[in-house]
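Visitor: The structure under discussion is supplied below as structure tokens; questions concerning it will follow.
The values are calculated or read from the model by the stated rules, or taken from the named source; none is laboratory data. The shown structure was predicted, so the numbers you read here are calculated from the model rather than taken from an experiment. Reconstructed Cβ throughout: ideal geometry from the backbone, glycine too, with neighbour counts over all protein chains shown.
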Amino acid sequence: MIAELGLAALWLAAALAALQMIAGFLALRAGNASELAALIRPAAIVQGVLVTFSFAMLVWLFAITDLSVKLVASNSHSLKPLVFKLSGTWGNHEGSMLLWVMVMGLAGALIALVERRLPERTMNATLAAQGVVSLGFYAFLLLSSNPFERLPVPAAEGMGLNPLLQDIGLAFHPPTLYLGYVGLSVAFSFAVGALLTRQVTPDFARAMRPWVLAAWIMLTIGITAGSYWAYYELGWGGWWFWDPVENASLMPWLAATALLHSASVLASRDALRTWTIMLGVVAFSMSMVGTFLVRSGILTSVHAFAVDPERGTFILVLLGIFIGGALLLFALRANTISEGERFALASREGALVFNNVMLSAILAIVLLGTLYPLLTEAFDVRVSVGPPYFNPVGAIFAIPMFAVMAVGPLLRWREDRIDRIGKEVALTAALVVAALVLTSLLTEIGLLPLLGLAFGIGLAVASWLPLRGRNLARTPLATWGMVVAHFGIAVALIGMASESAFTKERLAAIEQGDTATVGPWTVVLEGVEPVAGPNWTAVQARLSARYGDGEARELTPQSRNFWAPPQQTTESALATRWNGQLYAVVGDRSPDGRWQLRLWWKPFVTLIWYGGLLIALGGLLALIGRVLTDLRHRRLAARIAERRADREALA
Amino acid sequence: MSWRLWVPLFAFAAFVGLAAYQLTQPKDDFVQSGMVGQPLPYFDLPPAMDGVEGVASGTFADGEPRLLNIWASWCLPCIAEAPQLESLEQQGAKIVGIAVRDRPEDVAGFLAQHGNPYTHIGRDDLSEVQLAIGSSGVPETFVIDGQGVIRYQHIGDIRARDVPILLDELEKAR
Amino acid sequence: MTRPALAAFCLAFAMPLAAQQTMPPAPFAYRQLEDPAQEAAAQELMETLRCLKCQSQSIADSDAPMAGDMRHQVRIRVAAGESPDEIRSWLIQRYGDYVSYKPAVSATTWPLFAIPLLLIAVAGAILLRRFRKRA
């Protein structure tokens, strides 16, 4: 019953998306408002409600472990803890696809409900575009990946969820990622709407900006969470591997970051019109390409979903229609976008153009490296492209970008002179050089970590310089947002460089009571005991870890055995200090009775994820700042209109 | 300026073409050995269990082409290919086996249950020979000619239709 | 966009309990070399070699037995004095470029290196065009 309700809601939502699409395009052609046009906003809102209801039904089915539904039977188990039953809803292809369309539907509903700053025609075109894309994915769900499919005979017991996913990180990571990923569809629809109605204006950018910001914040959190989850869950302390699926989340982020900056320029200076439109289309296109790569099976990845070329073909067709259509529209219409205001090289716009170009270059590199194995496989050659390629080649464009990021915010709009900010530039440069020299004298680390550390330190200080000489209480929230976000990048950079350069590893096979050392830590194996959980049993090591002469801390890494599905996982144990983390893993016992212990001392590794959170926080401050400013303006405009009406009434 | 606007569309079209082509290709996770055509590296493995002879690279250089079967008792597809190995042996092929990461008891148990088509069986506890000849999994079967040169690699278990192909390759290696 | 995984993922990190081989890992699969410089060189090499039985992981990040055997080979060869590049070539000779995450410039990989250079040129051109006109 519940499954049928969910399915019915999904069909209705799809129908409404179709209505949204048709009404939108008809209204566009008809010109002035028609009855059909009045339906668009309500259609979008009801669609959002329906698809959310449908998703809620699926969550319910997982919560009660309804084994007559195929998806639940293949991905859940009655003994699983409730939180993992619920998060298991999106731990599979169909469920996560339903999450995808739900976010799209909600995004569309939200714009329909809230967005009033654009001309009605452009809004109609935007909602129509959103409807088209949603319809495509509804079709994909309903025709080839129905989450509510029933089994002819209910299963006796479920097959369980992959134990590696039975972790609280799974509760957070996909939903935030999707809110970001799919939230970028709004930018896409806005860009298409603006192209269709030739309304690429600062108003358009001002309207689009908060939506892009919101999606970007969620995407930043999602990627950060995913990186941390992989770090502590997979047992080797790795936090990024340039895996195709990881890249599939990074590419939209890179495009969205560039879009954010570009939209800001368009909003305040009426420049970079073509860039902004292009990036708006590219950002969500990267999201869709990412979905395709992950679900079609053409790329090898640890994260890859069900390998199904048939589904892959369906998505590829959707991609062809949506991205191809948008890019075609761009090629045909972008010429009619007049050039905006001019600006000099040494100006804030100039710095932002540089930023855009660098980010786009990095995006192109990541795309190239990710797709290259695909290209060579067409010629029956297999290659692997990994960190040794992405890190240095990405750095070629990232380092100049960081340098400009340090001084760009200090430049004035339109035209400025570098010598006006000479002091700040000199300070930053001096910091970077000093860091370079000191670090290379005192330690022996590779070139990339060295550069990362030096530029991170320089950027960390430089990001606060825009606040110099300002009345801090009256500085706009958006400026604080910029400062915090740039500072977050610096912090993350320092964390990455430090982890890469200063990590110490120790593999030890020790007996109970013996000691192992790693860096400044002394670790004693107190004992090994069996423990049991709701759906697993484990061997747990009790470690007593001491930093230098400090107090001993207890760490309990585990080696777990699940039975549904049968699998063994390692649960790492972490001891966090202000200056880094001790990472401990217990392995198997060797025949002579000694236990395998893997220990890492990772100085300042937590800065990576704190940095990520800071970036998101900066975005949040900027978003709140913009929304508050916008509300203030609306209230002011309303009051002015009221006064004018009063005056006219009196006259 | 206008031609530049078409670049993204064409780049995307190229991607779609590539992806569409790849979707039609069967998913192939096999890693081909780069040692096909090269002589076997030197190795000398102890016997995998009592009562059989070990395997050395010298075993192959006596003028007679042989099949080299990399297998293990814990490998499920090896059970599936046992009848085909039997069939190959009956049709005159000389099969040398290397058991990867296997205990003698398990080797003996497997052969008792599924038959022993091997003339020699070596034990490779550290996958050393497997790595040295470019094999990336079990089961794999190589055709080695009379001079000890690797001539052909078959990845995965041997199916009924592969038997004539392997016999053919053995003949060619003569 | 990270995704939950399938059985293939399981095989990479955690062995299914059925059909598992029971021999102990190779001696140097989980044991570091005595000389820290040698161990560092070995570790750096291992992080760039691909585990052949996994779905895209380096041998330094995998518990698969074959990855352990490969780590054993890397360590004993480094200890014996071979350079990391020699060991990498040895593996590439056996498994092709697929086994190395560090693409070398060759007939099949030259676009990977040419395109970044092209990008630098294009980026420079875009920036020059935009600012020379406006100056």
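Visitor: Could you check the range C:68-88 and list, in sequence order, the residues that are under 14 Å from the mean Cα position of the chain (by Cα) and among the acidic types (Asp, Glu)?
Guide: Selection gives C:Asp85 alone.
Visitor: Please determine, by comparing only the residues of the range B:96-110 that are among the hydrophobic types (A, V, I, L, M, F, W, C) and in a strand (DSSP E or B), which one is farthest from B:Glu64 (Cα to Cα).
Guide: The selected residue is B:Val100.
Visitor: Among the residues of the range B:79-95, is there at least one that is under 15 Å from the mean Cα position of the chain (by Cα), within 14 Å of chain C (Cβ to nearest Cβ), within 30 Å of A:Ser296 (Cβ to Cβ) and part of a loop (DSSP other than H, G, I, E, B)?
Guide: Checked the range B:79-95: no residue is under 15 Å from the mean Cα position of the chain (by Cα), within 14 Å of chain C (Cβ to nearest Cβ), within 30 Å of A:Ser296 (Cβ to Cβ) and part of a loop (DSSP other than H, G, I, E, B).
Visitor: If I filter the range A:318-340 for residues that are facing chain C (nearest Cβ under 10 Å) and in contact with a helix residue (DSSP H, G or I) (Cβ under 7 Å, 6 or more places away or on another chain), do I get at least one hit?
Guide: No, that holds for no residue.
Visitor: Where residues in the range A:267-317 are of a type in the set (S, T, N, Q) and surrounded by fewer than 23 Cβ atoms within 10 Å (Cβ to Cβ), which of them is farthest from the other protein chains (Cβ to nearest Cβ)?
Guide: My answer is A:Ser268.
Visitor: With the condition kept exactly as written, say whether any residue in the range A:114-125 is within 25 Å of the chain's Cα centre (by Cα), outside any loop (DSSP other than H, G, I, E, B) and away from chain C (no Cβ under 14 Å).
Guide: Yes, the conditions are met somewhere in the range A:114-125.
Visitor: Can I ask one more? Kindly check whether there is at least one residue in the range B:127-146 that is more than 14 Å from chain C (Cβ to nearest Cβ) and in a loop (DSSP other than H, G, I, E, B).
Guide: Checking the range B:127-146: at least one residue is more than 14 Å from chain C (Cβ to nearest Cβ) and in a loop (DSSP other than H, G, I, E, B).
Visitor: Among what's in the range B:42-78 and is under 14 Å from the mean Cα position of the chain (by Cα) and not hydrophobic (A, V, I, L, M, F, W, C), pick the residue that is surrounded by the fewest Cβ atoms within 10 Å (Cβ to Cβ).
Guide: B:Pro77
Visitor: Please work out which one of (1) more than 23 Å from A:Met218 (Cβ to Cβ); (2) in a loop (DSSP other than H, G, I, E, B); (3) touching a residue at least 12 places away in the same chain (Cβ under 8 Å) is the condition A:Gly238 fails and give its number.
Guide: Only one criterion is unmet by A:Gly238, namely (3).
Visitor: Could you grab me the full set of residues in the range C:47-70 that are within 14 Å of chain B (Cβ to nearest Cβ) and part of a helix (DSSP H, G or I)?
Guide: C:Ile59, C:Pro65, C:Met66, C:Ala67, C:Gly68, C:Asp69, C:Met70
Visitor: Among the residues of the range A:396-427, write down those that are away from every other protein chain (no Cβ under 13 Å), β-branched (Val, Ile, Thr) and surrounded by 16 or more Cβ atoms within 10 Å (Cβ to Cβ).
Guide: The answer is A:Val407, A:Ile421, A:Val425.
Matching residues to (1) touching a residue at least 24 places away in the same chain (Cβ under 8 Å); (2) among the small types (Gly, Ala, Ser); (3) surrounded by fewer than 16 Cβ atoms within 10 Å (Cβ to Cβ):
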position	(1), (2), (3)
A:Thr556	no, no, no
A:Gln596	yes, no, no
A:Phe604	yes, no, no
A:Arg635	no, no, yes
A:Ala651	no, yes, yes
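Visitor: On to the next question. Conditions: (1) over 30 Å from A:Phe292 (Cα atoms); (2) in contact with a Ser or Thr (Cβ under 9 Å, 6 or more places away or on another chain). B:Val31 meets all but one. Number of the miss?
Guide: Among (1) over 30 Å from A:Phe292 (Cα atoms); (2) in contact with a Ser or Thr (Cβ under 9 Å, 6 or more places away or on another chain), B:Val31 violates only (1).
Visitor: I've got another one for you. Could you please tell me which pairs satisfy a Cβ distance under 7 Å, a separation of 6+ or placement on different chains, a first residue in the range A:413-428 that is among the hydrophobic types (A, V, I, L, M, F, W, C), and a second residue that is assigned to a loop (DSSP other than H, G, I, E, B)?
Guide: Pairs that qualify, where the first residue is among the hydrophobic types (A, V, I, L, M, F, W, C) and the partner is assigned to a loop (DSSP other than H, G, I, E, B), are A:Trp413/A:Ser347; A:Ile418/A:Ala346; A:Ile421/A:Leu411.
Visitor: Given (1) assigned to a loop (DSSP other than H, G, I, E, B); (2) among the aliphatic types (A, V, I, L, M); (3) buried (at least 23 other Cβ atoms within 10 Å of the Cβ); (4) at pLDDT 85 or above, identify the lone condition not met by A:Ala128.
Guide: All conditions are met except number (1).
Visitor: Could you identify the single residue in C:Gln73, C:Gln21, C:Gln43, C:Gln93 that is facing chain A (nearest Cβ under 10 Å) and of a type in the set (S, T, N, Q)?
Guide: That would be C:Gln43, the only listed residue that is facing chain A (nearest Cβ under 10 Å) and of a type in the set (S, T, N, Q).
Visitor: Output the number of the condition that C:Met46 fails; it satisfies all remaining conditions of (1) touching a residue at least 12 places away in the same chain (Cβ under 8 Å); (2) surrounded by fewer than 17 Cβ atoms within 10 Å (Cβ to Cβ).
Guide: Failing condition for C:Met46: (2).
Visitor: Being of a type in the set (Phe, Trp, Tyr) and at the interface with chain C (Cβ under 7 Å from one of its Cβ atoms) is the filter here, so list the residues in the range A:355-395 that pass it.
Guide: If the condition is that a residue be of a type in the set (Phe, Trp, Tyr) and at the interface with chain C (Cβ under 7 Å from one of its Cβ atoms), then A:Tyr372, A:Tyr389 are the ones that fit.
Visitor: Can you find even one residue in the range A:486-497 that is free of Cβ contacts under 8 Å to residues at least 24 places away in the same chain, part of a helix (DSSP H, G or I) and either in contact with a Lys or Arg (Cβ under 7 Å, 6 or more places away or on another chain) or of a type in the set (Gly, Ala, Ser) (or both)?
Guide: No.
Visitor: Residues to consider are A:Leu367, A:Leu332; find the one that is of a type outside the set (D, E, K, R), part of a helix (DSSP H, G or I) and touching a residue at least 40 places away in the same chain (Cβ under 8 Å).
Guide: The match here is A:Leu367.
Visitor: Of all residues being under 14 Å from A:Trp600 (Cα atoms) and within 38 Å of the chain's Cα centre (by Cα) in the range A:515-542, which is surrounded by the fewest Cβ atoms within 10 Å (Cβ to Cβ)? Just the residue, please.
Guide: This residue is A:Thr517.
Visitor: Something else about it: Within the range B:96-123, how many residues turn out to be closer than 25 Å to B:Gly148 by Cβ and within 14 Å of another protein chain (Cβ to nearest Cβ)?
Guide: Residues in the range B:96-123 being closer than 25 Å to B:Gly148 by Cβ and within 14 Å of another protein chain (Cβ to nearest Cβ): 7 in total.
Visitor: In the list C:Pro24, C:Pro111, which residue meets the criterion of being surrounded by fewer than 18 Cβ atoms within 10 Å (Cβ to Cβ) and modelled with pLDDT of 90 or more?
Guide: When all the criteria are applied, what remains is C:Pro111.
Visitor: Here is a follow-up. Could you check how many residues of the range A:525-553 are touching a Leu at 6+ places or on another chain (Cβ under 7 Å) and without any contact (Cβ under 8 Å) to a residue 60 or more places away in the chain?
Guide: Here the count works out to 4.
Visitor: Within the range A:478-514, how many residues are surrounded by fewer than 18 Cβ atoms within 10 Å (Cβ to Cβ) and either β-branched (Val, Ile, Thr) or modelled with pLDDT of 95 or more (or both)?
Guide: 2
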